[in-house]
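We did not get these values from a lab; they are worked out from the coordinates using the rules stated. Remember, predicted model here, so these are calculated numbers, not experimental data. Reconstructed Cβ throughout: ideal geometry from the backbone, glycine too, with neighbour counts over all protein chains shown.
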Amino acid sequence: MAQPFVKKDDDLDEEEEYSPFYGIEKGAVLQEARVFHDPQLDARRCSQVITKLLYLLNQGETFTKVEATEVFFAVTKLFQSKDTVLRRMVYLMIKDLSPSADEVIIVTSSLMKDMNSKTDMYRANAIRVLCRITDSTLLTQIERYLKQAIVDKNPVVASAALVSGVHLLQTNSEIVKRWSNEVQEAVQSRAALVQFHALALLHQIRQNDRLAVSKLVTSLTKGSVRSPLAQCLLIRYTSQVIRESSTNTQAGERPFFDYLESCLRHKSEMVVFEAARAITELSGVTSRELTPAITVLQLFLSSSKPVLRFAAIRTLNKIILSSMYGFNEQSRFAKKMVASTHPLAVTNCNIDMESLISDQNRSIATLAITTLLKTGNESSVDRLMKQITNFMSDIADEFKIVVVEAIRSLCLKFPLKYRSMMNFLSNILREEGGFDYKKAIVDSIVILIRDIPDAKEIGLFHLCEFIEDCEFTYLSTQILHFLGNEGPKTSDPSKYIRYIYNRVILENATVRASAVSTLAKFGAMVDSLKPRIFVLLRRCLFDSDDEVRDRATLYLNTLGTDASVGGTDEDVKDFLFGPLDVPLVNLETSLRNYEASDIPFDINLVPKEVKSQPLAEKKAPGKKAIGLGAPPSGPTTVVDAYEKLLSSISEFSSFGKLFKSCSPMELTEPETEYAVNVVKHIFDGHVVFQYNCTNTIPEQLLEKVTVFVDASEAEEFSEVLTKPLRSLPYDSPGQTFVAFEKPEGVPAIGKFSNLLKFVVKEVDPATGEADEEGVEDEYQLEDLEIVAADYMLKVGVSNFKNAWENMDPDNERIDEYGLGVKESLAETVSAVIDIVGMQPCEGTEVVPNNSRSHTCLLSGIFIGNVKVLVRVSFGIDGSKQVAMKLAVRSEDPEISEKIHEIVAEGKSSVKGKWRSGRWIGEMITRSKLVEQLREYQIRSQHKWGALAAFSPKPQMATRRGCLCGSYICFGICLAHTILLCSTLLQTLHDFSGSCIPWNSSSNMP
Amino acid sequence: MGSRFWEGQKRDRGVPTEERLHWRSFLVKLGADNLRRAKNEELFVASHKSVYIVYTMLGDVSIYVVGKDEYDELTLSEVIYVITSSVKDACDKPPTERLFLDKYGKICLCLDEIVWKGLLESTDKSRIRRLTRLKPPTDV
């Protein structure tokens, strides 16, 4: 549904004297509204008062319930007047007041009378008002009139009824659907607008019925559609039909293509553009089909109307974009064809687009630039860069970001041209700009350095220059961290030291601390520099900030040869460069909990489970990507609460450290007498079921609540203890626990059936007193299972490629699976993720629409604290056969094997996820599979590059260093403990703001 | 000045206040960046997130039309054309601020005829003019 907002600018000062509404005041206007009650109505004066009321309403003034009712009743009196202008105002006023249900009655009869009036215009307006304020009961009463109105010979009346229909469809779809015969008739109307509205309504009524839509399109594309607006709608519906039909019939002439092509010659530009766009968006469009559409768009590029230029360049940009994605992403396989043909087709427009770079409208110019950057070939790069340089100075930051991103992808496309682009980036880095813009540039430089080895030194140099004069602490720390990782590997690391040490002298405490860490990294990696780094670090011992001093002390001790904390050289490097393997949110919560106690903080006790964000949150509309403030909240607190709860129960204290708590699983249907859900807590050698019970019957009190668990289908488990719940009053949840022993470290699986047992006592609802006597009773609950995924902690890695390469390839186990016919890849991917219970990394759990192959990256920690990484590639062929290649790396080859076993068992899993799954050879021919796998290999070679480039949050470790460092400091100087803790919290706070993915993408044109 | 449709949208579609403010400041900024040197009735176009914005300057008044999905920039330019011509019609000439406010009621009626709860209803100027006076349109 469309939402055109229309708004009048109000930044002009409305309080100026000449405004007729100067000094307008609600109370006074409400007083004036008394004229509505005059026996002799002054129509003119009444109109004026209504205008004032409208003005107030539109300025955001609110009426209290009483005021609104009063005004509403007064307005209804105006129906007595025969004055047409006043009547028109009254209609509008009633709509704007949107009276409540009990008030509507008052006007219903007047409006019904108008609806059957001889004056056409009364009818039309009455329909609109009635439909606006009506509810379903009233609607059934007036339905008959509305049906008549749809086929009314007066187009205004018909349109009013049709548009009402569109609105009512959302609330009373059943009623509106009954009108389809009349609407069908209205589609044939000779009045253009009626046809437009009728077509829209008819399509909405039938949108879920593919066949009906297809029929509608077939009949209308042959006939004549008068209004250009209706024609546009028809084109949209047609392309929808083409989309849906092409999935079934792959070959042959595309249906309705002739119609689309004929629309390219329509006299209305709107229709021409719509058709051109529809053609470009066809899936698998050929060059022959595309050419006429591009020609039309090319003509639009030089149109005098900015709107047309914008529309054309936007569409061309989109074509390129879709082919670019085809080039980079997983769907490359599917879009290979598109990628090779489209840019060529668009290249013809390059000259026209170049002239648009100087377009007055900045949106158009930016789009032109970014399109050109994508279509441009290696030879035109330099010329383009020159043009862009002139253009950059007078556009807004958000446009600049788009340009920077385009340049980044261009540079990755033509790595040989890195020099000119790197220069360009460093030039614009020096100019004025906001944080997001600077971040985009720094981000781009970092990516180029990672991807183009030749560009490394020059890029690092530019970054060094930048931090000399950088006003953003966040960027400075990020760059310093990056420098620490990359700088020591360059040919002459010593030249960076000056820039880094300058930070220690000149910057604020946060940057100084980062610089100290970076210095330490140089010291650890470059032996020749070590003595000199020591000198610098010692100077930092006198810093005014305690964090800086602490870091310096820590590094001096770790790096120092005599006083060794870290032990071997390897350990030192691991400590300096290794990732922090605890999620920051969890660490923050643990630290908050810790703050009050006085035992040393143990980082190993921080839970490692990451809960994926609820989907709704990700989709939250209007949430800006730049929302730096809001720290992620929620999930970990639950885990923490479990940990606290379990540790408070003495019986469980011997079980050791909690490995994982699964999310609650319902064991009862909703709205039953007793609601029970279970949380599985996994320990190394034990499993605890926590049954959360709620009593929903006010007349009952339950006592001695236990769950009797039958573990006959779980051979490896033996029950060790049950902790009953003493009493369970109405509506106050309580927990009962059952603990099982299982072989240590083994991912045993099994099925458990549950029976809730309790003593029930009657309660007098009036007094709330329970009877003395109770009756024993039981209640059957659903079964629960321990599955392999329960032994896997969802722990993400920040840079999958690095993590993968750091794992011993000898522990890798690869196997191929044929999964049989599946509905879609997306479904298969999520099923596999569910079976292994691992954390998808880098957004690879999302499968692009229509893609034929996909690679998903998973990471997790298996019971026994074994890190596991999985790369799983899927391919689907025309007959929907899915093949899967699973590569597992872990710290223990047996665990790698185990993951394969889990996946293999998953195919026969009780939940029937692989219902149709079979091993290779049974369903898919060998050759087909080999072909698909070859496809993966080709892709994966490209993909690693792309992944490295777009890997989110690569440079977190500045803070991590600080955290790890501080942690070890606890050991060194306990006296500082409490003090540090607060610093940490603060640092964390800063951090939670900054752990936004590095490469946020802006949607601005 | 009147942001009739804006408010209408707010009530009808539940555009929350903070979003409305966001939009307001966004549009005002957009206008301030681009409209200053604009000629009368010169069309401007932009897109932001998933919506399109077509805007123009008419006399003292800036008009913004925002739409998404099927209401793309071309449809919006049609809409803005109808709005500008209706406003001119109501005011008899390019409106000054004073004139615009004087004819506020009339303009509200015009807009009410053009867009209803986010749906385009009429696109013809003379028809709108007649409809605001409850006269049937001439062409049937």
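Can you give the FRET efficiency for A:Ile175 and A:Arg265, using 1/(1 + (r/R0)^6), R0 = 41 Å, r = Cβ-Cβ distance, to the nearest 0.05?
The computed FRET efficiency comes out at 0.50.
log10 I(q)/I(0), Debye, Cα-only the stretch A:379-480, no solvent, q = 0.21 Å⁻¹?
-1.10
How big is the equivalent ellipsoid of the stretch A:97-170 along its three axes, where each semi-axis is √(5λ) from the Cα gyration tensor, reported in whole Å from largest to smallest?
Taking √(5λ) for each Cα gyration eigenvalue gives 19, 14, 10 Å.
Compute the length gained on full extension between A:Arg592 and A:Thr295: take 0.36 nm times their separation in residues and subtract their Cα-Cα distance, giving the result in nm to one decimal.
Here the segment from A:Arg592 to A:Thr295 would lengthen by 100.6 nm.
Place a point 7 Å from the Cα of A:Leu506 along the Cα-to-Cβ direction; which residues of the stretch A:450-474 have their backbone N under 11 Å from it?
Flagged as within label range: A:465-471.
So for the pair A:Ala641, A:Asp808, with labels modelled 7 Å out along Cα→Cβ, what separation do we get in nm?
4.2
Report the FRET efficiency, 1/(1 + (r/R0)^6), for A:Ile351 and A:Leu416, where r is their Cβ-Cβ distance and R0 is 25 Å, rounded to 0.05.
Once rounded, the FRET efficiency stands at 0.50.
How far apart, in nm, are two points set 7 Å out from the Cα along the Cα-to-Cβ line at A:Glu772 and at A:Lys657?
Those two pseudo-labels are separated by 5.4 nm.
For A:Ser528 and A:Phe435, what is the calculated FRET efficiency with R₀ set at 45 Å and r taken between the beta-carbons, to the nearest 0.05?
It comes to 0.75.
Rounded to two decimals, what is Rg over Rh for the stretch A:101-235 when you use alpha-carbon atoms and the Kirkwood radius?
Rg divided by Rh gives 0.99.
Subtract the Cα-Cα distance of A:Glu905 and A:Glu457 from 0.36 nm times their separation in residues, and report this length gain in nm to one decimal.
My answer for the length gained is 156.2 nm.
Could you work out how much longer the chain between A:Ser100 and A:Arg44 gets when fully extended? Use 0.36 nm per residue separation minus the Cα distance between them, nm to one decimal.
Full extension from A:Ser100 to A:Arg44 adds 17.4 nm.
Give the average, rounded to an integer, of partner chain Cβ atoms located within 10 angstrom of each Cβ in A:665-677.
Taking all residues of A:665-677 together, the mean is 0.
Extending each Cα 7 Å along its Cβ direction at A:Thr137 and A:Asn865, get the distance between those two points in nm, one decimal.
According to this spin-label approximation, the distance is 6.8 nm.
Going down the list A:Lys413/A:Lys489; A:Lys413/A:Lys439; A:Lys82/A:Lys153; A:Lys95/A:Lys222; A:Lys438/B:Lys29, which pairs span over 29 Å between their C-alpha atoms?
Going by Cα-Cα distance, A:Lys95/A:Lys222 fall outside the 29 Å limit.
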